[in-house]
Amino acid sequence: MSTLSLHQIRKQFGDVVAVHEMNLHVNHGEFLCILGPSGCGKSTALRMIAGFEEPTAGDIRIDDRSIGMLPPNKRPTAMVFQKYTLWPHMRVYENIAFGLRLHGFSRKDIDEKVKGALELVGLPAYGKRFPSQLSGGEQQRIALARALVLQPKILLLDEPFSNLDALLRVRLREELRRIQRQVNITAIFVTHDQEEALSLADRIAVMNKGRIEQLDHPSRIYEQPQTLFVADFIGVMNLLPAHQDGGEIIIGSYRMPVPSGNEYSGDVTLAVRPEDLAIVPSGSDAAWNGQVEHVIDLGHYRKVLVRTEHMGVLKVYLPKAVDVREATTLALQPTRYTIFRDHQTPIEVHAGSVPQLSLQGMA
Amino acid sequence: MTTVTITSIPFIRFFRREGIGILWLIGLIFGIVLPILTVLLWAFAIKWRYPSVLPTEWGLDFWMETLSRADIRRALPNSIALSVLVTVLSAVICLPASFAFARLQFRGKQGLLLSFLFTNAFPRFGLYIAIAVIFFRFKLVGTFAGVVVIQLLNTLLLMIWIPTAAFQGVDRALEEAGLDVGASPLQVFIQITLPMVFPALFAALLLTFVNTFYETYGALLIGAPNVLTIPVIMFPLINNQPIPQFGAILSLVLFAPSVVLLLFANRLLRGGYLTAGFGV
């Protein structure tokens, strides 16, 4: 049973603060993704757990024992790096056996463990090859085997698939998840790829500018973003500047009621997912009118850009069945949206039953 | 009547296409192959008189005679001892320095690295004379130690620059991966970093050895007449002796280490080790 916790971890490089007082608790067997744009401090956080960077302040604990003072070679963590880091002068077998030898295992045990690890990553016959003879995907699998063979308490992965092509990335992602469940290890996976995070993680920590903006289950990260950054960063979102006047949102010439108890006066931002914009009969008072500017066919659905008078261009996802073309006039209404106000909990609004127009006959 | 243009003559066409290559080939044959071949033939010739194309009498007689000459018997161990000592000292001084250049950030690093070019930026002979004046004051002229110091100066550039490039070429992530699986920093250095830079280090050591073995002017100015090396001996032998065999044989002796270097370099290049060491 291995848990990891970070207490008020801070990292400063000169005047630049890479990670602000970060708190995080990872449960045993959990797969946690740290997701964020480049430069948000996610890799620095991971490298502090591995011991490659020393925190400026704070404490790191594994199974409630502080490891902050231990050098990287004494920590019960193992890392898979973004770059291919197999040692080029050693064969695959030696690469995996290297750590075992340092830990004083017998030759027989080493042999058994290396073979087991190769088996686990699906490359049992690769022991005699040199890293230069492997593809990128194979190298990262061996790197995973090398990390797992030591039975670390925490597995750390620093964008391990970002150098691979898209198809392979998806395949390895699934395989990683299977292996992680099989060996039942606590894993922390750093990525800037939200699809990767959403499909892999038990929980996601979205980081921005050295801070965790939201720590939540993948579906909640998408459905209920707690900050504007998360709303914008995860998935596609229409962010609309608006004004709230007491119990009413004013956006352009439109006025929409706010659920009672959320009265406020000042500037707000409305966040609406493209799939939460529905087509309503034109002429409806509450409808946002616009003209289709561009239609992008994405296979099973269409991404439609609609130019409106007061809200700029809206992104709308529509099913294939809806016949829209450029210059079609559309009336839209949000079925669900979130209101973000400065430093306050966002308000989620379900517009309830908005009358849906039958789609035929729209000109 | 058919008109014959110049380009329709096959030979001319061939020459127009391959002209520069052919000129190079001729240049190489006259500039390198023939002189070396002549040296090689002279070394094993006993009699070779005009107008014979090849020696008329072959044998190793002159080898015996050359290698048993008193001055050469003294110079050969001198040369070897000097080359070994300079190589070892240079490694001891330069390798840690090059590691520092590759890994540490310190003020004036670039300037210091470039400063090793200075010894190569001035005419050698003038530099040696200036150094000889200083050495004279320290009573280093005519001593083995003096020759060692002047040769060390020559090796600095090579022994700093090549290993620095090699150490820089090792990806830090590879070393971190070593730490990560439990190796101490020393273990990482010995078992991961060193094997990866080894080919480049070996090439630098071999080049240092060969350069020191060959070097003439410094050895001549500082060492002569007390400390003589093979190249220093060669000068009067070639200039004053009517017997060309002496010069030819000594040339071959001097040739030996660089042949070893070339063979090794060839193997390194084929194995891709050299470029691997440079992180290419």
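The values are calculated or read from the model by the stated rules, or taken from the named source; none is laboratory data. Keep in mind that this is a model prediction, so the values were computed, not measured. All Cβ positions, even for glycine, are placed from backbone atoms using ideal geometry, and neighbour counts span all protein chains on display. The protein model used for the area step is the full one, side chains on, heavy atoms only, and it has no ligands, DNA or RNA in it. Shrake-Rupley method; radii C 1.70, N 1.55, O 1.52, S 1.80 Å.
A compact table of results
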read-out: Test for A:Ser260: is it closer than 19 Å to A:His350 by Cα, of a type in the set (Gly, Ala, Ser) and open to solvent by 20 Å² or more (accessible area, probe 1.4 Å); value: yes
read-out: Members of region A:85-94 found to be at the interface with chain B (Cβ under 9 Å from one of its Cβ atoms) and within 35 Å of the chain's Cα centre (by Cα), listed by number; value: A:Thr85, A:Leu86, A:Trp87, A:Pro88, A:Met90
read-out: Output for region A:52-66, where each listed residue is within 14 Å of chain B (Cβ to nearest Cβ) and either closer than 24 Å to A:Ile204 by Cβ or hydroxyl-bearing (Ser, Thr, Tyr) (or both); value: A:Phe52, A:Glu53
read-out: Pick from region B:167-200, criterion at pLDDT 90 or above and among the small types (Gly, Ala, Ser), ranking: nearest to B:Val227 (Cα to Cα); value: B:Ser184
read-out: Lone unmet requirement of (1) closer than 17 Å to A:Leu155 by Cα; (2) under 24 Å from the mean Cα position of the chain (by Cα) for A:Ala18; value: (1)
read-out: Candidate set from region A:215-235 (those that are touching a strand residue (DSSP E or B) at 6+ places or on another chain (Cβ under 6 Å) and of a type in the set (Val, Ile, Thr)); member that is surrounded by the fewest Cβ atoms within 10 Å (Cβ to Cβ); value: A:Thr227
read-out: Count of region A:1-29 residues which are farther than 14 Å from A:Arg47 by Cα and either free of Cβ contacts under 8 Å to residues at least 12 places away in the same chain or not in a strand (DSSP E or B) (or both); value: 9
read-out: Breaking point among (1) of a type in the set (A, V, I, L, M, F, W, C); (2) away from chain B (no Cβ under 14 Å); (3) over 27 Å from A:Gly136 (Cα atoms); (4) surrounded by 19 or more Cβ atoms within 10 Å (Cβ to Cβ), for A:Val17; value: (4)
read-out: Candidate set from region A:67-84 (those that are among the hydrophobic types (A, V, I, L, M, F, W, C) and open to solvent by 30 Å² or more (accessible area, probe 1.4 Å)); member that is nearest to the other protein chains (Cβ to nearest Cβ); value: A:Leu70
read-out: Subset of region B:160-206 (residues that are within 9 Å of chain A (Cβ to nearest Cβ), open to solvent by 30 Å² or more (accessible area, probe 1.4 Å), in contact (Cβ under 8 Å) with a residue 12 or more places away in the chain and farther than 15 Å from B:Leu104 by Cα); value: B:Gln191, B:Phe198
read-out: Selection from region A:313-322 of residues that are within 21 Å of A:Leu240 (Cα to Cα) and touching a residue at least 24 places away in the same chain (Cβ under 8 Å); value: A:Leu314, A:Lys315, A:Val316, A:Tyr317, A:Leu318
read-out: Helices (runs of 4 or more DSSP H) contained entirely in region B:36-153, each with at least 3 residues that are basic (Lys, Arg) and modelled with pLDDT of 90 or more; value: none
read-out: Near pairs, Cβ below 7 angstrom, 6+ apart or cross-chain, from region A:250-273 (aromatic (Phe, Trp, Tyr)) to any residue that is surrounded by 12 or more Cβ atoms within 10 Å (Cβ to Cβ); value: A:Tyr254/A:Ala286; A:Tyr254/A:Trp288; A:Tyr264/A:Gln244; A:Tyr264/A:Arg341
read-out: A:Ala125 being buried (at least 21 other Cβ atoms within 10 Å of the Cβ) and of a type in the set (Gly, Ala, Ser); value: no
read-out: Matching residues, region A:131-158, being part of a helix (DSSP H, G or I), touching a residue at least 24 places away in the same chain (Cβ under 8 Å) and surrounded by fewer than 21 Cβ atoms within 10 Å (Cβ to Cβ); value: A:Pro131, A:Ser132, A:Gly136, A:Gly137
read-out: Long-range neighbours under 7 Å by Cβ, at least six apart or interchain, first residue within 28 Å of B:Leu54 (Cβ to Cβ) within region B:16-35, second at pLDDT below 90 and of a type outside the set (Lys, Arg); value: B:Ile22/B:Phe15
read-out: Whichever residue in region A:97-113 is crowded, with 22+ Cβ neighbours inside 10 Å and either more than 9 Å from chain B (Cβ to nearest Cβ) or aromatic (Phe, Trp, Tyr) (or both) and, among such residues, is nearest to A:Ile9 (Cα to Cα); value: A:Phe98
read-out: Top-ranked residue in region B:143-153 [being of a type outside the set (Val, Ile, Thr) and surrounded by fewer than 21 Cβ atoms within 10 Å (Cβ to Cβ); ranked as nearest to the other protein chains (Cβ to nearest Cβ)]; value: B:Leu152
read-out: Matching option when the condition is within 22 Å of A:Ile212 (Cα to Cα), at pLDDT 95 or above and within 12 Å of another protein chain (Cβ to nearest Cβ), among A:Leu46, A:Leu32; value: A:Leu46
read-out: Tally of residues being within 24 Å of the chain's Cα centre (by Cα) and either open to solvent by less than 30 Å² (accessible area, probe 1.4 Å) or within 14 Å of chain A (Cβ to nearest Cβ) (or both) across region B:124-141; value: 3
read-out: Cβ pairs under 8 Å, 6+ apart, first in region A:286-306 and more than 18 Å from A:Met237 (Cβ to Cβ), second hydroxyl-bearing (Ser, Thr, Tyr) and not in a strand (DSSP E or B); value: A:Asn289/A:Ser282; A:Gln291/A:Thr328; A:Val292/A:Thr328
read-out: Scope region A:141-158; condition more than 12 Å from chain B (Cβ to nearest Cβ) and at positive phi; matching residues; value: none
